[in-house]
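The values are calculated or read from the model by the stated rules, or taken from the named source; none is laboratory data. Being a predicted model, the structure only gives us computed values, none of them experimental. Every residue, glycine among them, receives a Cβ derived from its backbone with ideal geometry; neighbour counts consider all protein chains shown. Each accessible area value is taken on the protein alone, full model and side chains, heavy atoms only, with ligands, DNA and RNA left out. Shrake-Rupley method; radii C 1.70, N 1.55, O 1.52, S 1.80 Å.
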Amino acid sequence: MRKRSEVLFSKYSKGLKSLVRRKQVDSVHVRREGHQLARQLSALDLTAIGVGTTIGAGVYVLVGTVAREHTGPALTVSFLIAGLAAALSAFCYAELASRCPSAGSAYHYTYICIGESVAWLIGWSLILEYTIGGSAIARGISPNLALFFGGEDKLPAFLVRHTIPQLGVVVDPCAAVLVVIVTILLCAGIKESSLVQTIVTTVNVCAMLFIIIAGGYLACKTGWAGYELHSGFFPFGVNGMLAGSAVVFFSYIGFDAVTAAAEEAKRPLRDLPLGIGMTLSLCCILYMLVSVVIVGLVPYFSLNPDTPISSAFSANGMQWAAYIVTAGAVTALCASLMGSLFPQPRLLMAMARDGLLPSFFSDISTHTQVPVKSTVTAGTLAAALAFFMDVSQLSGMVSVGTLLAFTVVAISILILRYAPPDEVPLPPSLQQSIDSVRMQLDDDSQGTGRKNFNGVVDIVEQSSHQLEDGEAEIQCPLIQKQITEDKQNQQRRRKIAMWSIALFCIGVLVLTSAAAAEYLPSLLRFTLGAVGAAILLCSLIVLVCLNQDEARHSFGHTGGFLCPFVPLLPAACILINTYLLISLGVDTWIRVSIWLIIGSLIYIFYGWNHSSLTEAVYVPSAYVDEIYRASSSLQV
């Protein structure tokens with residue numbers, strides 16, 4: 001009976017460990033089978049992808065709604081604060097993108113730093129985001145096209161929305177056709193699709209520059225009437241301005257699409273951080289300048305909530321400007337559609353490479369060097385949704401995937417700096433080389449009294465026991481004792497750091513939940529908030545006082561961008577994104593929970609057993625190079 005319980009406990013323990021198994025950062029030792037993605041994108045191409053994905057048509061409507069209801073003339077300050085908040089996530093993405101430049105974005109980083117089960121949920125959430133986001137954008141293009149051409153009756157009959165009486169469903173052929181066109185373009189090749197993305201994004205940016213220049217000229221002629229109000233610059237107070245920042249924050253979502261092209265960047269260590277930084281900076285500047293002009297042209301309470309920019313120009317005698325504004329909105333939506341459909345095939349490819357999805361999705365075309373099968377699958381699903389469903393009610397679910405990704409990326413930065421993975425999964429085919437190195441280390445440890453590589457304390461490099469002039473190793477008990485103590489202190493520091501990171505996340509969750517739970521009694525909310533804040537501050541203070549792990553200098557690809565102000569910057573990023581997640585509403589979380597439950601079942605019944613790490617052998621990272629050298633010598 002006891003033996004049976006021990007076996008069950010061993011299986012249960014092994015199952016739990018498999019949920020947090022972590023994969024290796026792609027290195028010189030990793031050689032993927034089959035064809036690879038083409039490295040043809042420059043920093044400018046990556047910036048075009050990021051800007052095109054980020055600047056959607058929402059900004060053409062958002063400025064009116066937010067200014068009327070939250071900020072008034074202070075809309076520019078709200079965009080600035082939201083941009084700074086988005087920059088927190090951008091800094092975290094930039095470091096991970098340069099350290100781990102492979103397809104998969106947040107899913108890939110989470111798999112390396114946190115573990116397989118969390119990475120699966122992030123990937124599954126991003127699949128939902130890209131699918132619904134692309135369908136919603138496609139649905140928004142047809143009414144803007146109709147507006148541009150002067151009404152739906154001016155569009156070809158086969159593109160006009162119509163209702164199926166038997167089903168009561170409004171179908172949108174124009175949206176489906178646009179998704180199909182973009183899918184074909186993405187299948188043609190990364191250089192071709194990025195060229196079109198650059199052209200469309202350039203037209204959109206030019207439309208925004210027209211709004212800024214022409215609107216600024218009109219505002220100078222009229223004396224910036226929108227700012228000469230008795231209510232002042234902050235008619236809704238500072239709280240209204242901050243509420244406006246929370247709303248416009250979502251207009252910065254999209255810069256993470258740059259990291260999806262990690263394997264197609266020519267110089268990923270330089271170009272990925274540069275592309276992210278240029279994307280966010282350009283978007284923030286354009287948003288602020290547009291808001292300065294629009295709220296200066298007319299009083300904020302006179303802005304039309306549906307067409308604020310066009311109405312502002314019309315109020316100043318420039319009715320023809322509506323065509324340029326509409327053209328900008330259409331091109332913005334087209335660029336966003338391309339940006340939404342671009343990352344999903346690469347995410348499916350990355351998950352299939354890791355065995356969590358069927359290998360069908362990992363195939364790369366020999367001709368175009370893009371994942372055609374994944375692209376066609378994602379495009380077909382998005383086209384079907386855009387044709388049959390009005391997904392506007394599901395738009396809140398799009399934000400969940402992005403905010404979850406932003407949160408785990410910031411957590412990954414903390415783990416990477418304070419407790420980076422110190423074990424590397426190797427394929428079972430290297431078992432002979434692993435045994436060979438283990439035997440060699442065991443023989444050495446018997447002579448020196450040191451632990452082997454299966455012990456808690458790693459074996460010390462032989463060079464640390466040799467003098468600089470090449471003299472023989474000196475056996476010194478005091479040195480051995482000091483080395484052992486240093487290793488034990490390092491392990492203790494790592495445990496403290498991991499517990500501090502976990503407690504910090506718990507404190508953030510308690511604090512933000514208390515802040516958002518307006519239905520609770522005031523005393524209970526205050527108590528929960530105080531407890532959460534205490535846990536948050538204590539754990540953060542511990543992290544500030546702890547030294548960061550020395551292994552961070554050699555983790556992944558070195559020489560790239562480093563996130564500044566760790567742990568304060570990632571901590572602020574986690575706090576902001578968690579609060580936004582909690583504030584999304586119960587209905588949104590119910591829908592997302594159903595999706596995540598479906599994903600969990602797929603992972604349990606397929607991904608868990610088919611994972612590429614199922615049979616992997618974990619060894620200390622210090623011995624990986626030696627094991628590969630042993631493998632090469634055995635092959636010879």
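The table below lists the values:
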{"item": "Filter pass, Ile541 being in a helix (DSSP H, G or I), free of Cβ contacts under 8 Å to residues at least 24 places away in the same chain, open to solvent by 90 Å² or more (accessible area, probe 1.4 Å) and under 30 Å from Leu348 (Cβ atoms)", "result": "no"}
{"item": "Which listed residue, of Ile474, Ile496, Ile506, Ile483, is in a loop (DSSP other than H, G, I, E, B) and either β-branched (Val, Ile, Thr) or at pLDDT 50 or above (or both)", "result": "Ile474"}
{"item": "Index of the failed condition, Ile598 passing every other in (1) modelled with pLDDT of 85 or more; (2) farther than 20 Å from Ile411 by Cβ; (3) assigned to a loop (DSSP other than H, G, I, E, B)", "result": "(3)"}
{"item": "Among (1) open to solvent by 10 Å² or more (accessible area, probe 1.4 Å); (2) among the hydrophobic types (A, V, I, L, M, F, W, C); (3) in contact with a Leu (Cβ under 7 Å, 6 or more places away or on another chain); (4) within 30 Å of Leu96 (Cβ to Cβ) - the single one Cys334 does not satisfy", "result": "(3)"}
{"item": "Number of the condition not met by Ile199 [criteria: (1) touching a residue at least 24 places away in the same chain (Cβ under 8 Å); (2) surrounded by fewer than 21 Cβ atoms within 10 Å (Cβ to Cβ); (3) of a type in the set (Val, Ile, Thr)]", "result": "(1)"}
{"item": "Within the range 281-331, tally of residues that are free of Cβ contacts under 8 Å to residues at least 60 places away in the same chain, part of a helix (DSSP H, G or I) and open to solvent by 50 Å² or more (accessible area, probe 1.4 Å)", "result": "3"}
{"item": "The range 47-70 - residue that is more than 26 Å from Pro273 (Cα to Cα) and open to solvent by 20 Å² or more (accessible area, probe 1.4 Å) and, of those, nearest to the chain's Cα centre (by Cα)", "result": "Leu62"}
{"item": "Tally of residues being open to solvent by 10 Å² or more (accessible area, probe 1.4 Å) and within 14 Å of the chain's Cα centre (by Cα) across the range 102-121", "result": "2"}
{"item": "Residue that is nearest to Ala572 (Cα to Cα) [pool: residues in the range 511-537 that are over 30 Å from the mean Cα position of the chain (by Cα) and among the polar types (S, T, N, Q)]", "result": "Thr527"}
{"item": "Test: residue in the range 349-371 that is open to solvent by less than 10 Å² (accessible area, probe 1.4 Å), closer than 28 Å to Thr65 by Cα and in contact with a Ser or Thr (Cβ under 9 Å, 6 or more places away or on another chain)", "result": "no"}
{"item": "Condition met for Tyr130 (assigned to a helix (DSSP H, G or I), out of contact with any Cys (no Cβ under 6 Å at 6 or more places or on another chain), open to solvent by less than 10 Å² (accessible area, probe 1.4 Å) and closer than 27 Å to Ser281 by Cβ)", "result": "no"}
{"item": "Qualifying positions in the range 1-39 - aliphatic (A, V, I, L, M) and either assigned to a loop (DSSP other than H, G, I, E, B) or at pLDDT 55 or above (or both)", "result": "Met1, Leu16, Leu19, Val20, Val25, Val28, Val30, Leu37, Ala38"}
{"item": "Single residue of Leu147, Leu178, Leu195 found to be in a helix (DSSP H, G or I) and farther than 23 Å from Thr375 by Cβ", "result": "Leu147"}
{"item": "Residue in the range 236-253 that is open to solvent by 20 Å² or more (accessible area, probe 1.4 Å), closer than 30 Å to Ser362 by Cβ and at pLDDT 85 or above present", "result": "yes"}
{"item": "Test: residue in the range 182-190 that is assigned to a strand (DSSP E or B), β-branched (Val, Ile, Thr) and either touching a residue at least 60 places away in the same chain (Cβ under 8 Å) or farther than 14 Å from Ile141 by Cα (or both)", "result": "no"}
{"item": "Some residue of the range 608-615 being part of a helix (DSSP H, G or I), open to solvent by 20 Å² or more (accessible area, probe 1.4 Å), over 23 Å from Ala97 (Cα atoms) and in contact (Cβ under 8 Å) with a residue 24 or more places away in the chain", "result": "yes"}
{"item": "Qualifying residues in the range 203-248 (those that are β-branched (Val, Ile, Thr) and touching a residue at least 24 places away in the same chain (Cβ under 8 Å)) - the one farthest from Ala322 (Cα to Cα)", "result": "Val247"}
{"item": "Among the residues listed as His557, His553, the single one being closer than 23 Å to Pro421 by Cα, open to solvent by 40 Å² or more (accessible area, probe 1.4 Å), of a type outside the set (Ser, Thr, Tyr) and part of a helix (DSSP H, G or I)", "result": "His553"}
{"item": "Within the range 40-68, tally of residues that are at pLDDT below 85, closer than 16 Å to Gly83 by Cβ and not in a helix (DSSP H, G or I)", "result": "1"}
{"item": "Candidates Ala572, Ala517, Ala533, filtered to the one that is free of Cβ contacts under 8 Å to residues at least 24 places away in the same chain, touching a helix residue (DSSP H, G or I) at 6+ places or on another chain (Cβ under 7 Å) and surrounded by fewer than 18 Cβ atoms within 10 Å (Cβ to Cβ)", "result": "Ala517"}
